[in-house]
Structure formats: C-alpha cells, structure tokens
Amino acid sequence: MSEVVIGVDVGSSGTCAQAIDAAGALLASVYRSYDVSYVQPGWADQDPQAWVKAVVETVAEARAAVRDRRVAAIGFGSQLDGLVALDDAGKALRPALIWMDKRAGPECVELARDIDLGWLRKTSGCNLDAGHVAAKIVWLRRHEPDVFASTRSFALPGSYVAMRVSGALAVDPSNASSTMLLDVGSRAWSGELCNAFGIDIARLPQVQAASAVLGHPLDWFREATGIDKSTSVVLGCGDEMAATLGAGVIDAGTVCDVLGTAEPVCAVTERPVDDESGVVEAHPHADPDKWLLENPGWLSGGAYRWFRDELAHGAGSADRSLKVSYEALNELIAEVPAGAGGVIFLPFLGGATAPEWNANARAVWFGLTAAHGQSHLVRALQEGNAFALRDVLQAMRSAGATPRRVVCVGGGARSQILRSIRADVTGLPVSRCEDVETTARGAAILASVGGGVHGSVAAACRAMASPAMDEIQPDEARHELYVQVHARYLELYAALKPLFA
C-alpha cells in the first residue's frame, strides 16, 4: 500500500496527471491546458510537443506531491482518432490531425464507392468516417505526399506520448480500433482492411495489451520529472475506455457518459456488437475480456466553451476579456423551465454523430423570438446535448444493450443542472463519479496492473474505480415534456438535412 501509480489523461484541451494509491485514494491531481489550431473549417491540428510538455509538467508536480512514496508505474489514457506521422527517428513530421479533424471527408466519399460499408463495420467495428485515422492517412498520401513518403510509422497520440517517455512504440487495441484497420474481434491488425485503404501494415505500431509494460522511463524524462528508474511505463488505452474503466463500468447495464470537450457515450458488451444504424460503434474495452458499444461524441463541452467565449461576454459587454464562468451559465440554465421557451438547439458544431453520423450537419438554434434571451439559448444548447444522448441510448437498445442507469464523468459531470437535464430527457437515473476525472484514474488502473500492484484489470477496477454518487431520478412531468420536444428536434433535423448536404 506504500506504492502509488500515476495515470495521465492526454486530452485535446489539456493533460491531467493523477497520483493514486492501490486502494483508489487520490493523492494528487495536476492539469495543464494547451490549444488546438483550427486552420480552416473542419480542420484541427495540434502540436505533439505540447502534449509532451504538459505530461512532463503534470507528472513532475504529481511526483513531487508523493515524493515519500514509490511510483510503481505510469500509464496513459489518450485522445483517440489522432494521426501523428513519425520519421525514422520517431520525430513528428507535421502537427497531429486530431479526432475532430474532418478534412478527409472527400476521401471518404471516394472510398465509399469501393469499400463495402457493412463489411467494414462488421470487421473493424467502425463506420467509414473522416475522423478515423485510416481516412487521415489517405488524405496525407494525397495532399502531402512528401510527408507521407517520409513517414516510417503512423502513430496515435497515446502511442506517441508513451514512446517519448519509454522509447518503445506500440498501440493498444482500443486506440488501434479507432483507425478502421483493426479486426475488432481478434484485436489484431487486419491485412484486408489495410489493403482496402492502401496502407502498408508494416507502418503501423505493434498492437499490445493496454496494461503492457513498454519499459522504464528514459533518462531525460526521469531528470525532468523525478520519476524513478524502476518505474514501469505502461501503454494505456484510449481516453473514452480509460474514463469508462475509471468509473468502474466493466459490466452491462450502466452507461458511461463523458462530459468533456466531446461527449462520448459507452456501454459494456461481452462481445463485439454490430449496430446496423451505425450510431454506435464496437471497440475493445480497456478490460481485455470486454468490448464497448460506443458513440465517439459530438462537440458538447466544446459547444459550452464556444458559447461562453464567443457569445456570453460579461453582462452584454463587447469586452471579450469579460468571460462568464460556467457556474454563472449553469445558473442561467436553471432560470428557464424545461423546453427553453420553445427554442431548440441542434448540437452539431462539429458535425453530427446522433441521430445519425453526418459530417455535413451544422449547429442551429430554432424558434427564436424577441422574447428569448441568453438564458434560453444556453438552456436549449444543453437540452440539445441531452437529446443527442437520448438518441445514442436508443441505438444501444436497438443493438441489444439494456441501459438502466447513466454515470457521468468529466468536468461537466460536476454540474447538477446538466445531470438533471440528462435524467429528465433520457428517463434514466443519472449519477456522477466522486472523482469526475476518471480518464486519468482509468490510466492509473492500467498502470497498477502493469506495475504489479494488482493482478488483473477487473481486480484493479474493483479496488480503484471512483464510486458513483448524487444520483438524480428523472422527473416524470419533465420527461413527458421532453419526449414531445425531442420528437420536434428530430423533425427539425430531418427538415434541415437536405440543406446541410
């Protein structure tokens, strides 16, 4: 019990490192933010060195907070769907194309003419989508041929960060699954899938278990952070899988709703499940014996941040430095009754993944009058996010899952009003984890297995996962109202879909 592990959440908005003991007690939590570069609409680049800098700073501070304890291992939970093109020396050749980058849309249109989409979904678990890594590689080959030719390895963000720390390049099944190149059942690269995209399988990292030990920290990292030479570096998994693991969701029935920049939604299955509607994909869980039905999310917390930064300047001031806090926005939401006075928001700032995947979909406020104000806009925004969640849950049911409760994690889970809206819209009880930053915790759980602190992922999860608390039951009257508003929301989307195209 004197040993601790450090879990690192390498997200798209920032990095969080947590020091946690074998019983799950949180001893330190450190966060650093960084920026995304939106070069043009639909594009999203990020400097991989920003991740490394943030990892160093957060791990160093977390290590200093537990300087009297041995750090058995460090592990990672990292943003999915990012492409890092590496040369022979392991250097990034260009900024990473991260998960929200959709520039490969035209390439996907062409690929759809040659690839059987049903076969692709059944084999890889994935929809053909510009956000997935194989599509980004195809874009790179066409538009940056010199970079493509110089690329020795197509890495993902988690693989890159773990390599920088340990010197070894590998990828776990959950991250690999986001490429469209992994056989989701066998958890191995598929030669047939690679051939379908024209990608050399030899340029992909070796697939290893999420709890695999890559080695020990390189000298430069030990000197920069104070981590011991004996500490194991554990590969880790995708951030959604880590968040679900950190929330203790390794069995069917509970749905993990990640209220971060995006809002991924995950439910556990015993085997890969094919959702013919394509709303939810099948991916390996961080638990090697389980899979997930997963929707990668829409720009949910990112839309809230956009509203705060662009539209919610202090007291109507034109001074953009007077930013309103999220707490103040939550209070505005609570001022307006359910239904937002007839205003409906389609939460598609970055395209839609529910009620269907549609990269062309765009965000819309509908039903505005001169009687509506900022509070109606922001309430409608959050109701729109909850309607998307409702659509994902329905797809999970249609695929055979049985959602009975929702547990929220991520920064947005701290808000009672956001959880209450989700309970009323879905008709399910909604709770939050005591420690809402469960991605770093999930990474720590995997680190504890690789570091020998616990014997299995399931045992580590039982010992270290954050317990659920503050369960909110749905209000029957508001739920019935939201059933009607949701139907109108779907009608609005159907009416606008031709215009989005």
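The values are calculated or read from the model by the stated rules, or taken from the named source; none is laboratory data. Keep in mind that what you see is a predicted model, and the values were worked out from it rather than measured. Don't worry about glycine lacking a Cβ; one is built from the backbone with ideal geometry, like all the others, and counts go over all protein chains shown. We work out accessible area using only protein heavy atoms, side chains counted, and drop any ligands, DNA or RNA first. Shrake-Rupley method; radii C 1.70, N 1.55, O 1.52, S 1.80 Å.
Taking the criterion of being touching a residue at least 40 places away in the same chain (Cβ under 8 Å) and out of contact with any Gly (no Cβ under 7 Å at 6 or more places or on another chain), the residues of segment 439-457 that qualify are Ser448, Val449, Gly451, Gly452, Val453, His454, Val457.
If you check Ala286, Ala252 for being over 18 Å from Pro157 (Cβ atoms) and either crowded, with 22+ Cβ neighbours inside 10 Å or among the aliphatic types (A, V, I, L, M) (or both), only one passes: Ala252. Listed here are the strands (runs of 3 or more DSSP E) enclosed by segment 8-84 that have at least 1 residues being free of Cβ contacts under 8 Å to residues at least 40 places away in the same chain: 26-33. Checking each residue in segment 367-397 for being in a helix (DSSP H, G or I) and more than 15 Å from Thr426 (Cβ to Cβ) picks out Gln374, Ser375, His376, Leu377, Val378, Arg379, Ala380, Leu381.
Every residue, every condition in (1) at pLDDT 95 or above; (2) of a type in the set (S, T, N, Q); (3) in contact with a Lys or Arg (Cβ under 6 Å, 6 or more places away or on another chain), yes or no:
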| position | (1), (2), (3) |
| --- | --- |
| Ser29 | yes, yes, no |
| Val36 | no, no, no |
| Val39 | no, no, no |
| Gly42 | no, no, yes |
| Asp45 | yes, no, no |
| Val52 | yes, no, yes |
| Glu57 | yes, no, yes |
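Starting from residues that are open to solvent by 10 Å² or more (accessible area, probe 1.4 Å) and part of a helix (DSSP H, G or I), keep the ones in segment 172-197 and report whichever is nearest to Ala443 (Cα to Cα). Ranking the candidates gives Pro173 first. Scanning segment 6-21 for residues that are open to solvent by 10 Å² or more (accessible area, probe 1.4 Å) and polar (S, T, N, Q) turns up Ser12, Ser13. Within segment 154-167, being touching a residue at least 60 places away in the same chain (Cβ under 8 Å), closer than 22 Å to Val56 by Cβ and not basic (Lys, Arg) holds for Ala155, Leu156, Pro157, Gly158, Ser159, Tyr160, Val161, Ala162, Met163, Val165, Ser166.
Applying a threshold of 9 Å to beta carbon distances and a minimum spacing of six or more residues, or different chains, the list of pairs starting in segment 205-227 at a residue that is on the phi > 0 side of the Ramachandran plot and ending at one that is among the hydroxyl-bearing types (Ser, Thr, Tyr) and open to solvent by less than 40 Å² (accessible area, probe 1.4 Å) reads Gly215/Ser166; Gly215/Ser232. For the structure I just gave you, tell me whether Phe366 is open to solvent by 60 Å² or more (accessible area, probe 1.4 Å) and more than 15 Å from Ala501 (Cα to Cα). Spelling it out, Phe366 is indeed open to solvent by 60 Å² or more (accessible area, probe 1.4 Å) and more than 15 Å from Ala501 (Cα to Cα).
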